[in-house]
Amino acid sequence: MKVKVLCRNPDDYVRETTKDIQRVPRNYDPSLHPFEVPREFTRALNATKLERVFAKPFLASLDGHRDGVNCMAKHPTSLSTLLSGSCDGEVKMWNLTKRECTRTLQAHEGFVRGMCTRFCGTSFFTVGDDKTIKQWKMEAPSYGEEEEPLTTILGKAVYTGIDHHWKEGIFATCGQQVDIWDEQKSSPIRTFSWGVDSFSSVRFNPVETHLLASCASDRSIVLYDMREATPLKKVIMNLRSNTLCWNPMEAFHFTCANEDYNLYTFDMRRLDIPKIVHMDHVSAVLDLDYSPTGTEFVSASFDKTVRIFPKDHGHSREVYHTKRMQHVICVKWSSDNKYLLTGSDEMNIRLWKANASEKLGVLAPRERAAMNYNDKLKEKFKHHPQVRRIARHRHLPKTIFSQSKELRVMKEARRRKERNVRKHSKPGSVPVVTEKQKHVLTVVK
Amino acid sequence: MCYWATPKHRRELAQLSCLSDDPYKASHTAKEPQTEMAEQDCRGEKKQRCKAGTSRYFNKRQGARNLPLLHPRDSVLLRIDSEPTWRGPATVRGESITQWSYEVSGGDRVEMRQNRRHLQLLPSTAEPRAKASFDPPPEQTPPAPESSPGGLTIEYSSSFDIRHIGYTRGYQEELANMAKKRKAEKSRDKLKTSSKNLTVAQTEEDEDDGGLFKADDTVISASEDEGGSDDERKHRKLLDAIGSLGGKKRRKLAERSEASAQISEFSVSAEGAGEKITLGDLLGTLEQTSVITKTKKQLKNLHNRRDTLELPLSRQQTEKIQREVAYGKTSKEVSSWQGVVVRNQKADQLVFPLNQEPSGPKRVEQVVAGWKAQTPLELEIFNLLHMNKQPVHDPVLTPAEEASLKAMSLDEAKIRRAELQKARALQSYYEAKAKRDKKIKSKKYHKVLKKAKRKEFLKEFEEMRKMDPTAALEELRKMEMARMEERMSLKHQNSGKWARSRAIMAKYDNEARKAMQQQLEVNKTLTQKLAVPSESEDEERPEEAAVALPDFVNEAQPADVTNPWMMGKLTAEPPEPAESSDTELPAGGVQQQENPEDATEEVEEVIDEEEVLLREFENRRKLRQTENGERDMVPVMPVEREEIVTERAASEVVEISDDDEDEVDEDEVSEFKSLFQNLAEKEQEAVMEVKTTINAEGEDGEEPALLDEGLTRLRTLEDLDHLSQDVSIELDEPATQSTATPDLEETTIPQPDKKKNQKKNMIDCNEVLTKEAKVIKIPMAPTAIEEEEENEEEQKMIIKEAFAGDDVISDFLKDKRKQEEAGNPKVVNLTLPGWGEWGGLGLKTSRHKRKRFRVKADPPPPRRDNNLPSVIISEKRNSSIAVHQVSQLPFPFEKPEQFESCMRTPIGNTWNTQRTVQKLTAPKVITQMGAIIEPIAKEDFIKGKTLTTTGKQPDISLSAGKGQATKRGSKRPQKKGHSKRSQLKRMKSKPK
């Protein structure tokens, strides 16, 4: 005969140490936990509200430059180091953790047009208005030593941009033409020119490292292969592109910041039509940088705002601005995907969180779990009007707000007119031109 | 030797040939014969031109030159191609019809036609003509033979060219062409033979062109006769003058008088020294093989080729082509990333940095490789080790270990282990079960088992009969054999020892008698002829099946066992003896009695799907029978329903069922409860009673099919949107709200049930409704039901007492009616009193007018609750809910149902286990704090693609599992440099 007895195993309910969390036996019977959807909805709503409450992205302002910050460079191996070059030829090195300038050097006369670090992080290059390329040591000179560049190359014309190869001792400059330099040589190992006399920026592809792209003043973007004698292809747009940036995770995608307030993501294999048009800025876009995860990018604009775009969305998910921040000239996304750095006209470098409401510092496992849960809830209920309304709300300065409204009105008017024209003309005579097609003029082979 | 073969040039002519650059000399010389021809033959210019054209093209093709034209009365020599020598003189009669042929008389034959090729002008006739050519009238100028060595012609022409200019204009162009060609040829020839000519020209005459050259000689001598040596000097002067007229100063060829070319100074014969060596000559010494001859031929062709090489492309074009090629190459190269990019886009989760080092324990060598002695002590030790040549980098692992490490990655091993575990578990289950089965001594059990097997077999046979008739026949034959054997044997004939003992006992023992009876019955069944199972058999079958159900499942279908065992899907329905006691046992009670025992024995057994279906059919059949039967059977239906759904026999209902004692046995019904429940869920039959609907609602809330149907009946798009939201939100409080979702009530009612519905409408509402009030509160979990049952009873009583006076139901009905009326469109009366007729107190508007100005609206669509007596469905849009509703289907979703189901699944830990929550809430992108994220590296992804295809996950790890990192690490080739670098990184980077 079987006797059934109530028995309890203390292992089931006694915790091992007092620091453990009390074990809570749960019954997951759904009938005991009714209203799951409304309850989760409420949680999502609260999470969304809290997100907006905690959205304080601005972390610090680094001041010390005596002129507008014209360019910046990330340190490839140290997260806490930032280099910045200003319009008076000064280069500063910053310690971001301490938020202080660690080193200052007068690199050029006139603007520091561009700077880049060597892939190993031992030195960096600057180009300036004085037609020189200078290579500097990353370490500060020891006591009594003079601040001197490792090498100086005197060019014939002003260099407007520089970028270093991601794996080899090769760098590229742009100016009147695009030059590829070996670090050991004082003359370029290769020179590309294709009927244009001024380039504004050149960038190496971080994945397919022998590829480059440059923006030229004839409104074109030119692709190069370092190994070939000739450029690869050129796409001419309606307005000039200021800079471009390759996606670090997708070898063939790059995005360019255009004067026509938009950013365009291209697939380098299909240049005739941009993959996505990112539009939200209300003035020329001056710089952009991809997040190291390749999922988003940040853009700096003349309209005094910084915007974050998901790589596959036409509109920004975030806009940063402060009263004091003027035209943002350069922007960088830190290599740990956590921070943004913007250099602006009014001589300041600003440090922002990439995710406005993110809690900084180490998270406890439960905290992290809660955060993940909240994120998921927000994502799940993001389509609900109330959640969406809260999540989407952003404050904008009045000027930008009114300007964007104006742009919207203009766009709508144009659209309406086009529609009317189409309506009153012979069918097929006014073709439908999509937004993507509008901005590319031609592709030159 | 043919006429168009290149003649040798004379020395002085070599220079002259240069003069032929001058267009009109050439043209002029070519001109003369033609004009003359025109005069003589009176042929049209057109024909002449045609001829000239033909000849030109022919020449161009053959590289031949024109032979001089012949004239009537010219004496000529004849020879056909094949003949070796020229035959005696003949006279030209005139031109033949065909081109380049003449009619000739004389010689052997009297008259014949000959091609110009086969005729040779005799010098005797050529001479007077040459002289005649000096006569002024140009018409009579003898033809300066075109193909005669150019030098000669030019010599003529140079003396009187100016005279001819006037009338040569007409043909100048085409003749100029000819002249040019001739010139080219000449210069070529000259090059070839120049050195020879220098010495030989004056003295030697080739035999072949002897005639011609003789003629030439005479011409020259004639001119010499005229002018003497003085003339010759003058002539040369003139030529020089003309030569200087040409503009460019031509380099005069140096004249050599010694015969050094012929006679070498070194007594070695230098024959052919001056000749140009052709490419073909180089091959001469080689052996004559087919290859060589072929090569020779090719070389000759090459030599003879006259077409020029094409101009190189312009720089722009070249660059363009280069660019295009380069671009194509690069874009192709870049495209190799396509797969990686797409995979990353689709990945559930991306973990950055991508090439993290594995977190697990490292192999010693790896650690050693990255380690450097730093402290002085370490340095010292290191030095010592080095001095002693101690092996530092020895392979710590044995080859076997290494091989095993390589052979299987960690997670493959895990998977394998899990599989093995599962297999082991299954095996042990099987064994345990077999043991248990073996231990069971109950005959009944085995009997039932056998029966079940038989049943199963029959079923299979039935199927086989449909699918594979031949196999079925075979089976049938086997069965027949078995039957025959049974008939032959005495096994069940009650003739054995045991049977006899039983027979003795039977008188006194009921049991024994029964046993014997059974034996006989078995015999009967076994010896029964197998027939196609018909309707009449159906009645027995289900009952048997019901009995057999729990036993055979595992035995008959070992393959299925795996799933239920591992899934833990057990039947949770214990039988209810209380109910079965209430009702009477039907026929065949022996088996029925066994039933509870068996059931208790195998509570953990699984109900098979097929079994469920079988039951379902049986129940349906029963239902049909009850309906088709007498009228007083009708109330049975709801009773069954209630029991099925609520799992509780309401006492009152049971009373009803007690009244009719028929084949519907309550025992079975109670047993089939669970099955029926399934049935109800699947088919949605139990719609009629509110109770059941609500119950079903609670259970089926998760099923998208229900909602789907509801959506199809919606009238407007708006409704669709709202309702899709309603469902998700209101599922939890369905009955309490007056705005209960209408679509839930809407369920497809199968066609045969239609009639049933009608009948059920006749059931007293009150009865149904009173039940409903209770049922709503029942939670769905079956475990809770039994406990609550008593409470419910009490509750019911309390409610009854409390609302003794209230007639809730009639109130509800009234309410409903009111709502219905409100929903009906009202008739609008637009009549104006006094309009068009008299108005005033006491006066009525005429009926006609009233009728005319009454506006009737269309009847509204039928209400959804028309057939539902106890439900009010409001079809108004609820603005308070609309605020919370999504107005349109969000992007990634394709159907509203997808979105709804996504919304409906809770993700919190209130509803899910911890592991599930972790999985559900895993973030899309994981980054490590303070770690630098490098761009994706080609080495890791493009080349290592084959390595990573083993798992289903994309290259970048998908799930939040911590083991992922180790797995990836183990698979991917590690770069030493990188590991160092990451160490460096860690040292440098500080948390912010």
Original post:
Looking at region B:453-498, which of its residues are among the aliphatic types (A, V, I, L, M), closer than 26 Å to B:Q518 by Cβ and surrounded by 13 or more Cβ atoms within 10 Å (Cβ to Cβ)?
Top reply: B:L458, B:M479, B:A482
Original post:
Can you name the number of the only condition in (1) in a loop (DSSP other than H, G, I, E, B); (2) surrounded by fewer than 24 Cβ atoms within 10 Å (Cβ to Cβ); (3) of a type outside the set (A, V, I, L, M) that A:N242 fails?
Top reply: (1)
Subject >> Within region A:1-96, strands (runs of 3 or more DSSP E) holding 2 or more residues that are at positive phi and modelled with pLDDT of 95 or more >> reply: none
Original post:
Taking into account only those residues within region B:884-920 that are closer than 17 Å to A:A370 by Cβ, more than 8 Å from every other protein chain (Cβ to nearest Cβ) and at pLDDT 90 or above, which is surrounded by the most Cβ atoms within 10 Å (Cβ to Cβ)?
Top reply: B:K919
Original post:
Quick check: anything in region A:367-381 hydroxyl-bearing (S, T, Y) and either within 14 Å of another protein chain (Cβ to nearest Cβ) or under 28 Å from B:N909 (Cβ atoms) (or both)?
Top reply: yes
**OP:** Check A:H315, A:H327, A:H253, A:H281 and return the single one that is within 13 Å of another protein chain (Cβ to nearest Cβ) and over 13 Å from the mean Cα position of the chain (by Cα).
**Re:** A:H253
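Residue-wise test of (1) of a type in the set (S, T, Y); (2) modelled with pLDDT under 75; (3) within 30 Å of B:Q518 (Cα to Cα).
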site	(1), (2), (3)
B:H393	no, yes, no
B:L405	no, yes, no
B:A413	no, no, no
B:K441	no, no, yes
Original post:
Can B:L385 be described as over 30 Å from B:T921 (Cα atoms), surrounded by fewer than 13 Cβ atoms within 10 Å (Cβ to Cβ) and modelled with pLDDT of 70 or more?
Top reply: no
Subject >> Hits in region A:204-245 (condition: under 20 Å from A:R113 (Cβ atoms) and within 12 Å of chain B (Cβ to nearest Cβ)) >> reply: A:F204, A:L212, A:A213, A:V222, A:Y224, A:C245
Original post:
Any residue in region A:415-428 that is within 14 Å of another protein chain (Cβ to nearest Cβ) and part of a loop (DSSP other than H, G, I, E, B)?
Top reply: no
Original post:
Considering region A:83-95 alone, what residues qualify as being in contact with a Leu (Cβ under 6 Å, 6 or more places away or on another chain) and either among the hydroxyl-bearing types (S, T, Y) or closer than 25 Å to A:P248 by Cα (or both)?
Top reply: A:M93, A:W94
Original post:
Looking at region B:80-122, which of the residues that are of a type in the set (G, A, S), more than 19 Å from B:L67 (Cα to Cα) and in a strand (DSSP E or B) is modelled with the highest pLDDT?
Top reply: B:S105
Original post:
From the list A:V235, A:V222, A:V207, which residue is buried (at least 23 other Cβ atoms within 10 Å of the Cβ), over 28 Å from A:L150 (Cβ atoms), touching a helix residue (DSSP H, G or I) at 6+ places or on another chain (Cβ under 9 Å) and touching a residue at least 24 places away in the same chain (Cβ under 8 Å)?
Top reply: A:V207
Subject >> Elements of type strands (runs of 3 or more DSSP E) in region A:145-236, at least 1 residues being within 18 Å of A:H253 (Cα to Cα) and among the polar types (S, T, N, Q) >> reply: A:199-204, A:211-216, A:220-225
**OP:** Please report, ordered by residue number, the strands (runs of 3 or more DSSP E) entirely within region A:253-360 with at least 2 residues that are under 30 Å from A:D218 (Cα atoms) and of a type in the set (D, E, K, R).
**Re:** A:285-290
Original post:
What are the pairs, 6+ residues apart or on separate chains, where a residue within region B:921-941 that is more than 7 Å from chain A (Cβ to nearest Cβ) has its Cβ under 8 Å from a residue that is of a type in the set (A, V, I, L, M, F, W, C) and not in a loop (DSSP other than H, G, I, E, B)?
Top reply: B:K924/B:L350; B:I926/B:L350; B:I926/B:V351; B:I926/B:F352; B:Q928/B:F352; B:F941/B:W337; B:F941/B:V340
**OP:** Count, please, the residues in region A:7-41 that happen to be among the charged types (D, E, K, R), under 47 Å from the mean Cα position of the chain (by Cα) and more than 7 Å from every other protein chain (Cβ to nearest Cβ).
**Re:** 5
Original post:
Any chance region B:860-873 includes a residue that's away from chain A (no Cβ under 14 Å), within 30 Å of A:S31 (Cβ to Cβ), among the polar types (S, T, N, Q) and surrounded by 14 or more Cβ atoms within 10 Å (Cβ to Cβ)?
Top reply: yes
**OP:** Answer yes if at least one residue in region B:461-473 is within 30 Å of B:T527 (Cα to Cα) and in a loop (DSSP other than H, G, I, E, B), and no otherwise.
**Re:** yes
Original post:
Out of the residues in region B:874-890 that are without any contact (Cβ under 8 Å) to a residue 24 or more places away in the chain and part of a helix (DSSP H, G or I), which is nearest to B:G823 (Cα to Cα)?
Top reply: B:S879
Original post:
For the subset of region B:355-380 comprising residues that are in a helix (DSSP H, G or I) and among the aliphatic types (A, V, I, L, M), which member is modelled with the highest pLDDT?
Top reply: B:L377
Subject >> Residue that is farthest from A:R270 (Cα to Cα) [pool: residues in region B:324-383 that are within 14 Å of chain A (Cβ to nearest Cβ) and of a type in the set (F, W, Y)] >> reply: B:F352
Original post:
Considering A:L407, A:L377, A:L396, which residue is in a loop (DSSP other than H, G, I, E, B) and surrounded by 14 or more Cβ atoms within 10 Å (Cβ to Cβ)?
Top reply: A:L396
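The values are calculated or read from the model by the stated rules, or taken from the named source; none is laboratory data. These figures come from a predicted structure and were not determined experimentally. Cβ atoms come from the backbone with ideal geometry, glycine included; neighbour counts cover every protein chain shown.
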